[in-house]
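The values are calculated or read from the model by the stated rules, or taken from the named source; none is laboratory data. These numbers come from a predicted model, not from an experiment. Please note: Cβ atoms are built from the backbone with ideal geometry, for glycine as well, and neighbour counts cover all protein chains shown. Quick note on the areas: whole protein, heavy atoms, side chains included, nothing else; ligands and nucleic acids left out. Shrake-Rupley method; radii C 1.70, N 1.55, O 1.52, S 1.80 Å.
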Amino acid sequence: MKSMLKTALNSMIILTVFLSVLTGVSCFVLGQSVDPNAPIPSLPPGVSDTDMERRSVPDQRVRSWIVPKRVLWQSATGIKSEKLLLQKPLGLTSTAAMKDGFTMSYPKTKGSLPPSILLDFGAEIQGGIRLESRSLTVAPASLGRTVRVHVRFGESADEAMAVMGEKGACNDHSVRDTILSVPFLGGAELGQTAFRFVRLDLIDPGTEICFDYVRAYFCWRDIPWLGSFKSSDKRLDAIWKTAAYTQHLTMQDFNFEGAKRDRLVWYGDFHPQTMTTLYVFGTPKVLADTLGEYAQKTWPLPKWMNTMPNYSLWWIISVGDYYMFSGDKDFARHQLNYMKNLFELLKPCVDSDGCAAFRKNKMFLDWPTNDKPNAIAAGTHAMFALAFDRVALIARELGETKLEHEATELAKRVRSFKSNHVQNKQAAALLALAGIERPEAPNIEVVARNNGENFSTFYGYYMLEALAKGGRNQTALNVIRQYWGAMLDVGATTFWEDFDLKWLEGSGRIDEITPPGKKSLHGDHGAYCYVGFRHSLCHGWASGPAPWMSAHLLGVQPVEPGFRKVRISPFLGDLDWVEGTVPTPRGLIKVRHDKNKDGSIRSKVELPPGVEQVR
């Protein structure tokens with residue numbers, strides 16, 4: 001019994017801590033803590049021995065109830081006792097517990113406007129809304145004793161206020177704008193999306209609803225944050241936590257690209273998410289599932305991952321990096337046959353002079369380079385070398401000598417061909433990481449030029465990695481503070497699908513309704529496939545600062561698969577100290593680095609058994 005209580009208490013503490021760290025949101029936790037890798041019962045014992053068991057799929061997530069943090073806006077009339085919304089619930093249903101109750105009334109009087117209210121739940125969450133009524137006045141045309149409520153979710157305040165189609169507001173991939181019928185003395189739930197704000201409007205004149213409660217349900221994976229990061233710079237600490245939290249919200253059924261949109265597994269976008277997961281959460285089942293069987297069954301060869309050949313290269317790179325951190329040979333063996341056959345498809349793409357390209361298929365890096373064919377060609381060429389390195393790693397570990405030799409030789413041939421980065425940050429970063437351009441060469445100056453200008457939330461991770469490889473860690477630190485920190489400055493609690501520092505000029509915040517004379521930061525910006533409110537404000541590919549800070553500030557990087565050997569080379573730059581943890585299959589690596597007065601670094605390192613530190 002004590003063990004069960006402790007587990008439940010730990011679950012409550014974990015959720016409360018990371019939400020309160022971000023925003024101070026008030027939350028009421030009813031989720032049960034689970035082992036992230038333990039089998040979850042599909043059904044209770046009463047039906048577990050029937051054919052229903054064979055048709056069931058367990059949900060590996062838990063739910064928590066969140067009450068609003070504040071009422072951000074309300075209509076001038078029709079709203080009563082709105083402050084009662086901020087009280088914690090007693091349970092799922094608690095009729096008559098809230099004195100008179102929060103009430104919305106829509107008179108039949110000519111010229112009356114529908115009552116409306118905008119709620120702020122204090123932080124981006126993934127889930128939906130539950131409305132519980134105590135009493136109703138229904139319209140003549142109502143379907144039974146129900147009242148229709150117009151519900152609009154928003155990752156920003158402006159999105160929740162927008163009507164469908166306004167500045168890109170849509171229901172793509174998840175419903176953010178719809179009508180919910182709330183029953184008498186009952187509750188109704190809606191939503192599987194990411195949001196922070198919810199607007200409610202009554203639809204029909206002559207209706208009234210007195211609520212027991214209006215609360216969000218937060219659906220999330222109860223997996224521990226094994227990795228951690230703290231430093232003498234609170235801004236960096238907040239960025240690390242926000243990056244980790246962004247990735248946590250995208251780990252739903254599988255590891256989705258974005259929590260609101262697209263809610264799909266895009267393997268080209270997935271590599272930064274893989275690295276964040278490895279440094280923060282270790283190797284949870286959801287990561288292995290998404291990289292493993294799901295990938296192979298969804299995109300059987302000779303199909304390219306997501307129909308895009310570059311994304312098949314990213315899949316190889318992600319699998320290789322997962323193996324480097326996990327050392328899981330069973331996982332590697334399950335990928336081997338698919339990887340071998342994919343390698344056979346890739347071999348003809350390399351010319352005798354070493355130039356690697358997909359000549360019969362469209363190549364793609366990220367949207368900002370989509371109209372820059374020379375940059376795409378250079379970046380793709382570098383990706384071949386990176387992918388072949390991972391094929392050689394897996395082959396060597398599994399004793400596949402012939403495959404290892406072929407992959408190693410092809411990687412060498414690709415590196416012998418010198419592509420031109422054409423002054424593009426994405427291409428220059430990939431060429432540096434692949435070793436095709438020397439890291440101290442001018443391509444690093446391309447990446448470093450004007451700090452965060454022309455950074456992208458996706459390829460920003462590779463730009464940071466390239467800067468580190470070129471000895472420009474302080475520049476990378478400055479960019480993290482400037483670029484990712486700017487999102488926090490305007491109200492973000494998760495990092496976005498896209499961001500440009502130029503958007504800040506003349507724009508409002510995302511956690512306030514944009515005042516007249518200013519641009520909507522969410523609704524008036526964006527490009528390519530994410531214009532306006534369609535733009536996702538919780539995108540896993542934007543989480544790159546977390547693994548970068550763990551790898552280069554804490555300095556922890558695996559040298560051999562499964563952290564059999566580890567290199568710890570911290571960088572402090574303008575920091576006085578850093579400390580944190582990095583998960584390994586053998587336990588946590590714990591480090592603390594302090595800067596001495598002469599600039600040297602004093603380190604305290606705790607290694608789990610079986611991990612050897614090397615220089």
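Observations on the model:
- Among 474, 287, 528 - extreme Cα towards positive end, dipole of the chain, charges at beta-carbon: 474
- Counting only Cβ charges, +1 for Lys and Arg and -1 for Asp and Glu, the dipole size of the range 303-401 around its Cα centre is about 280 debye.
- Taking a straight line from the alpha carbon of residue 297, these aspartates and glutamates sit under 12 Å away, with near neighbours fewer than eight places off in the same chain left out: 289.
- Accessible area (Å², 1.4 Å probe, nearest 10) - residue 229: 0 Å²
- The residues of the range 206-318 have, on average, 23 Å² of accessible surface per residue, using a 1.4 Å probe with all protein chains present.
- Label point 7 Å beyond Cα of residue 294 along Cβ direction - residues of the range 225-252 with amide nitrogen under 12 Å: 250-252
- Charged-residue dipole, Cβ positions (Lys, Arg, Asp, Glu), the range 409-514 about Cα centre, Debye nearest 20: 680 debye
- Spherically averaged projected area in nm², based on the convex hull that wraps the Cα atoms of the range 402-457: 4.6 nm²
- Taken about its Cα centre, the chain carries a charge dipole of about 540 debye when Lys and Arg each add +1 at the Cβ and Asp and Glu each add -1 at the Cβ.
- Out-of-range pairs (alpha-carbon distance over 22 Å; input 329/565; 565/604; 167/518; 69/519; 230/604; 303/347): 69/519
- The range 134-236, relative contact order [Cα under 8 Å, separation at least 6], %: 37 percent
- Within the range 431-510, the proportion of C-alpha pairs whose separation exceeds 21 Å stands at 30%.
- Within the range 456-495, the ratio Rg/Rh, alpha carbon atoms throughout and Rh by Kirkwood, equals 1.03.
- Using a probe of 1.4 Å on the protein chains alone, the accessible area found for residue 529 is around 50 Å².
- Taking the range 528-579 and dividing mean pair separation by its residue count, relative contact order in percent (alpha carbons under 8 Å, at least six apart): 24 percent
- Rounded accessible area per residue of the range 103-190, 1.4 Å, Å²: 38 Å²
- Once Rg and the Kirkwood radius are both taken over the C-alpha atoms of the range 512-569, their ratio Rg/Rh works out to 1.31.
- Top positive-direction residue, dipole computed over the chain with Cβ charges, set 300, 133, 447: 133
- Modelled this way, with points 7 Å down the Cα-to-C-beta line, the labels at residue 301 and residue 100 are 7.1 nm from one another.
- To the nearest ten degrees, helix 460-469 and the longest principal axis of the Cα atoms of the chain are 30 degrees apart.
- Pairs of Cα atoms farther than 17 Å apart, the range 367-423, %: 45 percent
- At R0 = 60 Å, FRET efficiency that the Cβ-Cβ distance of residue 409 and residue 189 yields, to 0.05: 0.55
- With all pairs of different C-alpha atoms in the average, the Kirkwood value for the hydrodynamic radius of the range 273-406 is 15.4 Å.
- Pairs of Lys residues in the range 359-481, spaced 8 or more positions apart or belonging to different chains, with C-alpha separations under 20 angstrom: 8 in total.
- Looking at the chain, the DSSP beta bridges with both ends there are about 95 percent antiparallel.
- FRET efficiency, residue 351 to residue 519 (Cβ-Cβ, R0 51 Å, nearest 0.05): 0.60
- When you count the other C-beta atoms within 10 angstrom of each residue and take the mean per peptide, 147-156, 507-516 line up highest first as 147-156, 507-516.
- Value at 222 nm in deg cm²/dmol, rounded to 500, when DSSP H runs of n ≥ 4 in the chain each add -39,500 (n - 2.57): -9500 deg cm²/dmol
- Candidate values (i) 1.08; (ii) 0.99; (iii) 1.04, label of the one derived for Rg/Rh (Cα atoms, Kirkwood Rh): (ii)
- Approximate spin-label separation residue 418-residue 502, in nm, with each point projected 7 Å along Cα-to-Cβ: 3.2 nm
- Accessible surface computed residue by residue for the range 390-504, with neighbouring protein chains in place and a 1.4 Å probe, gives 36 Å² per residue.
- For the chain, the residue among 506, 169, 118 whose Cα projects farthest onto the positive side of the dipole built from Cβ charges is 118.
- Structural descriptor for the chain: relative contact order 14 percent, calculated from alpha carbon pairs under 8 angstrom and at least 6 residues apart.
- Per-atom-type breakdown for the chain gives carbon and sulfur 53% of the accessible area (1.4 Å probe, protein chains only).
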